[in-house]
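Take a look at the structure set out below.
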Amino acid sequence: MDIIYRKVKKEDNLSLATMIRGVIEEFEAPRTGTVYSDSSTDTLFELFQEEKSILWVSEVNGETIGCCGIFPTEGLEDGYCELVKFYISDSVRGKGVGKELMLKSIESAKELGYTHIYLESLPHFSKAISMYEKSGFKQLEVQLGCSGHSSCNVWMVKEL
């Protein structure tokens, strides 16, 4: 399987939004107060034109199979960014695609000059949370920044 890792393109918008919402449905995660109901989920290419942000996309045979990025979420302390839009198609989970996307995002955060990466998740995504912990993320007691994701109740941070 030849997996390509690249930056998001405008033509990825529909396939990424469909995949992200499909993962939320698959894990029976909340649809309100999460990325599921964000209007920006339909326009990820445009969202990631923001300065000091990047969205990595993985594809195989022309099909998008995953994404993960770094974003300067409003309300975070100086030096902090958020690990965002981390979703992997069920067809490739457990094959290292997610780990590679996350590592590319962490490296991008360093290159962009960030000192910390914050993330928000849900207990529904316990395998991802375990991967975050193995990658050096520590759980927090409180939410940081203003993501607008009121349903997320797992908050973590990693010092770079």
TODO: Name the strands (runs of 3 or more DSSP E) wholly inside segment 1-99 in which the number of residues that are under 21 Å from GLY113 (Cα atoms) and among the basic types (Lys, Arg) is 2 or more.
DONE: 3-7
- [ ] State which residue pairs qualify: first residue farther than 15 Å from ASP2 by Cα and modelled with pLDDT under 95 and inside segment 81-105, second residue among the β-branched types (Val, Ile, Thr) and assigned to a helix (DSSP H, G or I) in any location, beta carbons under 6 Å apart, and separation of 6 or more residues or different chains.
- [x] none
- [ ] Search segment 70-80 for residues being in contact (Cβ under 8 Å) with a residue 24 or more places away in the chain and within 22 Å of ASN13 (Cα to Cα), and hand back the single one that is surrounded by the most Cβ atoms within 10 Å (Cβ to Cβ).
- [x] ILE70
- [ ] Would you be able to tell me the number of residues in segment 136-151 that are part of a loop (DSSP other than H, G, I, E, B) and either surrounded by 13 or more Cβ atoms within 10 Å (Cβ to Cβ) or free of Cβ contacts under 8 Å to residues at least 60 places away in the same chain (or both)?
- [x] 11
- [ ] Would you be able to tell me the number of residues in segment 42-52 that are closer than 21 Å to VAL97 by Cβ and either touching a residue at least 40 places away in the same chain (Cβ under 8 Å) or touching a strand residue (DSSP E or B) at 6+ places or on another chain (Cβ under 6 Å) (or both)?
- [x] 2
TODO: Taking SER53 as the residue in question, decide whether it is within 25 Å of GLY136 (Cβ to Cβ), touching a Pro at 6+ places or on another chain (Cβ under 7 Å), surrounded by 17 or more Cβ atoms within 10 Å (Cβ to Cβ) and not aliphatic (A, V, I, L, M).
DONE: yes
Task: Extreme residue, farthest from ILE70 (Cα to Cα), among residues of segment 122-135 that are in contact (Cβ under 8 Å) with a residue 60 or more places away in the chain and in contact with a Pro (Cβ under 9 Å, 6 or more places away or on another chain) - done: HIS124
Task: Where GLU25 falls short, out of the listed (1) under 20 Å from ILE65 (Cβ atoms); (2) free of Cβ contacts under 8 Å to residues at least 12 places away in the same chain; (3) surrounded by 15 or more Cβ atoms within 10 Å (Cβ to Cβ) - done: (3)
- [ ] Evaluate the following for GLY96: is it touching a Lys or Arg at 6+ places or on another chain (Cβ under 8 Å) and either surrounded by fewer than 18 Cβ atoms within 10 Å (Cβ to Cβ) or acidic (Asp, Glu) (or both)?
- [x] no
Task: Matching entry among VAL157, VAL84 (being of a type in the set (A, V, I, L, M) and more than 23 Å from GLU46 (Cα to Cα)) - done: VAL157
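Restricting to segment 109-121, name every residue that is in contact (Cβ under 8 Å) with a residue 40 or more places away in the chain, surrounded by fewer than 21 Cβ atoms within 10 Å (Cβ to Cβ) and in a helix (DSSP H, G or I).
LYS110
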Open item on the list: Return the residues of segment 49-90 that are closer than 17 Å to LYS110 by Cα and among the aromatic types (Phe, Trp, Tyr); say none if nothing qualifies.
Closed with: TRP56, PHE71, TYR80
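The values are calculated or read from the model by the stated rules, or taken from the named source; none is laboratory data. Worth saying up front: this structure is predicted, and the values here are computed from it rather than measured. Note: ideal-geometry Cβ built from the backbone for every residue, glycine included; neighbour counts use all protein chains shown.
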